[in-house]
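Have a look at the structure below before the remarks.
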Amino acid sequence: MRRFLKDAGVHAEIAPDGFTEGGWVLSIGGAEQSHVDLAHPEEIFYEYLRRIGHVADAVAPEGRPVAAVHLGAGALTLARYVAVTRPGSVQVAVELERELPAFVLEALPLPAGADVRVVVDDARAALPGLVPPGSADLVVLDVFAGRDAPAHLTEPSFYAEAAALLRPGGVLAVNVGDDPGLAFFAAQARAVRAALADVWCLADRGMLTGRYPGNLVLVGGTRPLPREWAEHFAAAGPHPAGVLDGLGLEELIARR
């Protein structure tokens with residue numbers, strides 16, 4: 001399936017992934033953006049999203065339902081994961097591209113029983129009306145395209161506004177894609193640290209050297225993150241899994 005997104009001026013395409021039965025890839029402007037396994041939504045293909053899935057597991061162990069906010073909808077991969085691993089979860093996803101959600105949901109329907117409300121808006125502009133302050137278990141930001149990220153989504157004040165949605169013990173997870181040197185990642189880590197009490201980093205260990213392009217995940221809370229989570233994230237992978245606590249992250253960005 002293919003559709004022209006008028007606002008973005010590019011085509012969106014959904015095509016079989018060629019590897020798995022029920023696996024589909026959403027591409028926008030020719031670049032792969034999301035992967036969905038309709039047969040097994042609990043299986044996440046992209047490594048950085050699997051790491052965020054493990055964050056959802058830690059926030060809500062034993063399949064407890066969550067209230068989740070997704071800033072950046074794409075093909076709703078993580079929302080699907082939460083819906084099937086935590087039945088009864090209430091979720092809202094924000095997507096800037098006005099025509100994308102209908103295109104995605106027509107081709108890739110949500111799992112039965114999924115409660116996911118989609119809002120078409122800018123991620124920051126939408127924040128005040130998404131959920132009551134202090135009610136979200138998980139807020140995920142997945143909108144960055146490296147250093148071309150919208151400036152208003154990279155400021156400490158934005159992260160403070162997103163953190164205001166979290167309940168006590170809730171978590172903000174931010175996917176940051178960057179080039180070698182990790183200068184953009186370091187700037188975002190400082191911005192998140194300015195807004196939250198404790199911030200960790202999850203990534204492939206090779207990414208922590210700063211020599212490769214790729215994705216790193218910042219995980220922050222309004223109170224200290226449980227120490228046992230470090231072991232959980234390291235064991236859950238994908239491997240080789242790098243897990244930096246607050247001190248480790250501080251040491252990493254001090255070199256950038």
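Would you work out if the chain is rounded, prolate or oblate? Take a ≥ b ≥ c from the square roots of the eigenvalues of the alpha-carbon gyration tensor; rounded if a/c is under 1.5, else prolate when a/b is larger than b/c, oblate otherwise. In terms of gyration-tensor shape, rounded. Ranked by the mean number of other Cβ atoms within 10 Å per residue, highest first, peptides 44-56, 6-18, 201-213 order as 44-56, 201-213, 6-18. If you sort the three axes of the alpha carbon gyration tensor as a ≥ b ≥ c, you get a/c of 1.5 or more for segment 139-187 and a/b above b/c, which makes it prolate.
The apolar share of the surface of the chain, taken as the fraction of accessible area on carbon and sulfur atoms (1.4 Å probe, ligands and nucleic acids excluded), comes to 54 percent. With a ≥ b ≥ c the root eigenvalues of the C-alpha gyration tensor of segment 57-164, is it rounded (a/c under 1.5), prolate (a/b larger than b/c) or oblate? It is oblate, given that a/c is not under 1.5 and a/b is not larger than b/c. Using only Cα atoms, find the angle between the long axis of helix 47-59 and the longest principal axis of the chain, and express it within 0 to 90 degrees, rounded to the nearest 10. Orientation of helix 47-59: about 70 degrees from the principal axis. Peptides 37-43, 79-85, 111-117, ordered by how many other C-beta atoms sit within 10 Å of their residues on average, highest first, read 79-85, 37-43, 111-117.
The values are calculated or read from the model by the stated rules, or taken from the named source; none is laboratory data. Just so you know, these numbers come straight off a predicted model, no measurement behind them. As a convention, Cβ positions derive from the backbone with ideal geometry for all residues, glycine included, and neighbour counts pool all protein chains shown. With ligands, DNA and RNA removed, areas are computed over all heavy atoms of the protein, side chains included. Shrake-Rupley method; radii C 1.70, N 1.55, O 1.52, S 1.80 Å.
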